[in-house]
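Colleague: Provided herewith is a single structure, encoded as structure tokens, for subsequent inquiry.
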Amino acid sequence: MHEVLSDWDGENALMSYDARTGSHLFIALHSRRLGPAAGGTRLRSYPSPADALRDATLLARAMTYKMAVAGLPMGGGKSVLDVPGKLSPEDRRHLLGRHADNLETLNGSYSTGPDVGTTSDDMDILHEHTEHAFGRSLARGGSGSSAPDTAVGVFNGITAAVAHLNSTPDLHGIRVLVQGCGAVGEPLVGMLVESGATVTVSDVVPERVDTLMTKYGVSSVDPSIIDLDCDVYAPCALGQVISAQTVPTLRCRIVAGAANNVLVDAADGELLQEAGILYAPDFVINAGGAVHLIGYERLSWTDAQVAAGLRGIGTTLAEVFRDADAHGVSTERAAELLAEARLAAGPQPTE
Ligand code: NAI
Ligand code: PHE
């Protein structure tokens, strides 16, 4: 645990243990430079509590960069609930109550929202104990799932990447591999098919693949396959899929998907650049969920303002691609430089 924190540049981390469920609870608060921190609650099992803490710290830093690049007046944080296995509904409610107590102690310095393993229903439960939860169900006064708007942002980002390489945003005949057919992957596949792309999907849950094959007539591959000969590889399951091991195997022209922390190491951005593969940095392209949650619930944006924020993801990515070309750096580095400039400038007035 100690090395995880000494390797991290965040403000602080809160950790506790819940004996009833055998779970470790972590909140990593990375930065409040641009405003109070926000980031989702990830609920899953990890090989060790140190792995869970490491994931929380890295994801929290990505949230800081995501908010900065999206121009949202928020800082970055992340929660991880490391559970030993599937919890009963009663135990899950109990654990979320403990998490809500932890959120309360932070007094609004950090608010959470849904992430892998949690949904609006869980945010409803958190909200019974704390104000600091975005993404409650519409029935409970929240803005509902952020996933469909995340998919819109990813779609805009894929279009910007295609436009950068082909000088046209036309997706007809563009071959896309969507890995992960969950809350983001499914609507993304729908938009891609509607735009004329040729889509291949994969998921570790075969029923999700079957549903999309029936609904959209897409083809499928084994979820372990990422070296498909295609134009765009869109990782929409978990992150850490691009590494020194996987880059040489890739046969795509673009990597652009929803998953957080797609690169095992930031230097993998350079490996993609050297391989001639255009990478849409994850913290830029997957900001649609943050635009949705913060836009509707913190900034009281209208649908039109949220839609403009989602279009902005494509515009920002086009700028990142141009900056990277102009300065001869990887797109990951160009996006980091943009985030760091915004962080250095400090909070800006919002509309
Ligand atoms: P989800 O849990 O609804 O969907 C993930 C899907 O990936 C599931 O269908 C799962 O079975 C599948 N999967 C898991 N491991 C896989 C593998 N090895 N190969 C293929 N499929 C696999 O999650 P959601 O909400 O769709 O999020 C997807 C990714 O996007 C996550 O990494 C999440 O952190 C990220 N993200 C989500 C946002 C949101 O608003 N939901 C916002 C920003 C990022
Ligand atoms: N977990 C999502 C993300 O990584 C959505 C989210 C955004 C949750 C902002 C809370 C706050 O972007």
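The values are calculated or read from the model by the stated rules, or taken from the named source; none is laboratory data. Here the structure is a predicted model, which is why all the values come from computation and not from measurement. Here the Cβ is made from the backbone with ideal geometry for all residues, glycine too, and neighbour counts use every protein chain on show. SASA here: full protein model, heavy atoms, side chains in, ligands and nucleic acids out. Shrake-Rupley method; radii C 1.70, N 1.55, O 1.52, S 1.80 Å.
Colleague: Run the 1.4 Å probe and let me know the accessible area of Ser146, rounded to the nearest 10 Å².
Modeller: Answer for Ser146: close to 20 Å² accessible.
Colleague: Calculate how many DSSP beta bridges within the chain are antiparallel, expressed in % of all such bridges and rounded to the nearest 5. Let's see the in-between values first.
Modeller: Working: 14 of 40 bridges.
Percentage antiparallel, nearest 5: 35.
Colleague: Let me ask something else. Enter the accessible area of Glu104 (Å², nearest 10), with the probe set to 1.4 Å and all protein chains included.
Modeller: 80 Å²
Colleague: Taking the Cβ of Ala13 as the centre, find all other residues whose Cβ is under 11 Å away and add up their charges (Lys, Arg: +1; Asp, Glu: -1).
Modeller: On the way: positive: Arg54, Lys78; negative: Glu11.
Every neighbour counted, the sum reads +1.
Colleague: With each pseudo-label sitting 7 Å past Cα toward Cβ, what's the Arg175-Asp121 distance in nm, one decimal?
Modeller: Going by the 7 Å Cα→Cβ label model, 3.9 nm.
Colleague: I've got another one for you. For region 41-163, treating each Cα as an identical point scatterer without solvent, what Debye log10 I(q)/I(0) comes out at q = 0.10, 0.14 1/Å?
Modeller: Taken in order of the listed q values, log10 I(q)/I(0) reads -0.34, -0.66.
Colleague: Moving on to the next point. Measuring with a 1.4 Å probe in the full set of protein chains, what accessible area per residue, in whole Å², belongs to region 126-203? Before the final figure, lay out each step's value.
Modeller: Values: 2870 Å² over 78 residues.
Here the per-residue accessible area is 37 Å².
Colleague: Another question, then. With the radius of gyration and the Kirkwood radius both derived from the Cα set of the chain, what is their ratio Rg to Rh? Spell out each step's value before the answer.
Modeller: Details: Rg = 19.2 Å, Rh = 20.3 Å.
Ratio value, two decimals: 0.95.
Colleague: Quick one: order Thr168, Thr105, Thr118 from most to least accessible surface, probe 1.4 Å.
Modeller: Details: Thr168 55, Thr105 95, Thr118 10 Å².
In descending accessible area the options line up as Thr105, Thr168, Thr118.
Colleague: Quickly work out the Arg322-to-Thr246 label distance, labels modelled 7 Å from Cα along the C-beta direction, and quote it in nm with one decimal.
Modeller: Simple spin-label model gives 3.1 nm for this pair.
Colleague: Right, something else. Using 0.36 nm times the number of residues separating Asp210 and Thr198, minus their current alpha carbon distance, what extension gain do you get?
Modeller: Numbers: separation 12, 0.36 × 12 = 4.32 nm, distance 1.66 nm.
Length gained, Asp210 through Thr198: 2.7 nm.
Colleague: Follow-up question, since we're still on this one. Leaving out ligands, DNA and RNA, what percent of the accessible area of the chain is carbon and sulfur, probe 1.4 Å?
Modeller: Values: 7510 of 14440 Å².
Roughly 52 percent of what the probe reaches on the chain is carbon or sulfur.
Colleague: Mind jotting down the distance between the C-alpha centroids of region 98-170 and region 279-351, whole Å?
Modeller: For region 279-351 versus region 98-170, the Cα centre distance is 16 Å.
Colleague: Taking a probe of 1.4 angstrom, what is the accessible area of Tyr216 in Å², to the nearest 10?
Modeller: Solvent-accessible area, nearest 10 Å²: 70 Å².
Colleague: For Arg44 and Leu138, what does the FRET efficiency come to when R0 = 25 Å and r is the distance between their Cβ atoms, rounded to the nearest 0.05?
Modeller: Details: r = 26 Å, r/R0 = 1.03.
The computed FRET efficiency comes out at 0.45.
Colleague: Calculate the tail of P(r) for region 1-68: the fraction of all Cα-Cα distances greater than 14 Å, expressed in %. Show your work: numbers first, answer last.
Modeller: Working: 1277 of 2278 pairs.
Taking all Cα-Cα pairs of region 1-68, the fraction more than 14 Å apart is 56 percent.
Colleague: Please determine, in degrees from 0 to 90 and to the nearest 10, the orientation of helix 206-216 with respect to the longest principal axis defined by the Cα atoms of the chain, where the helix direction is its Cα long axis.
Modeller: With rounding to tens, the tilt is 50 degrees.
Colleague: Follow-up question, since we're still on this one. When N is the residue count of region 245-351, what does its C-alpha Rg come to as a fraction of 2.2 N^0.38 Å?
Modeller: Details: Rg = 15.2 Å, N = 107, 2.2 N^0.38 = 13.0 Å.
Dividing the Cα Rg of region 245-351 by 2.2 N^0.38 Å gives 1.17.
Colleague: Still on this structure, please answer the following. When ligands, DNA and RNA are left out and all protein chains stay put, how many square angstrom of accessible area per residue does region 1-123 have with a 1.4 Å probe?
Modeller: Values: 4720 Å² over 123 residues.
That works out to 38 Å² per residue.
Colleague: Sticking with this structure for a sec: Give me the percent relative contact order of region 218-267, please, defined on Cα pairs under 8 angstrom at least 6 residues apart. Write out the running numbers ahead of the final one.
Modeller: Details: 66 pairs, mean separation 21.8, N = 50.
Rounded, it is 44 percent for region 218-267.
Colleague: With every protein chain kept in the model, how would you rank Arg98, Arg322 by accessible area, 1.4 Å probe, largest at the top?
Modeller: On the way: Arg98 70, Arg322 140 Å².
Most to least solvent-accessible, the answer reads Arg322, Arg98.
Colleague: Sticking with this structure for a sec: Of Gly295, Gly153, Gly117, which is the most mobile in a GNM of the chain whose springs link Cα atoms less than 10 angstrom apart?
Modeller: Gly117
Colleague: A follow-up question, please. Check the straight Cα-Cα distances from Lys66 and name the lysines below 18 Å, setting aside those fewer than 8 residues away within the same chain.
Modeller: Partners within reach: Lys78.
Colleague: Cα convex hull of region 131-272: mean projected area in nm², to one decimal? Please report the intermediate quantities before stating the final value.
Modeller: Numbers: hull surface 39.2 nm².
Seen from a random direction, the Cα hull of region 131-272 projects 9.8 nm² on average.
Colleague: Moving on. Please compute the per residue accessible area over region 255-351 with all protein chains in place, 1.4 Å probe, rounded to a whole number of Å². Before the final figure, lay out each step's value.
Modeller: Numbers: 4090 Å² over 97 residues.
Solvent-accessible surface per residue comes out at 42 Å².
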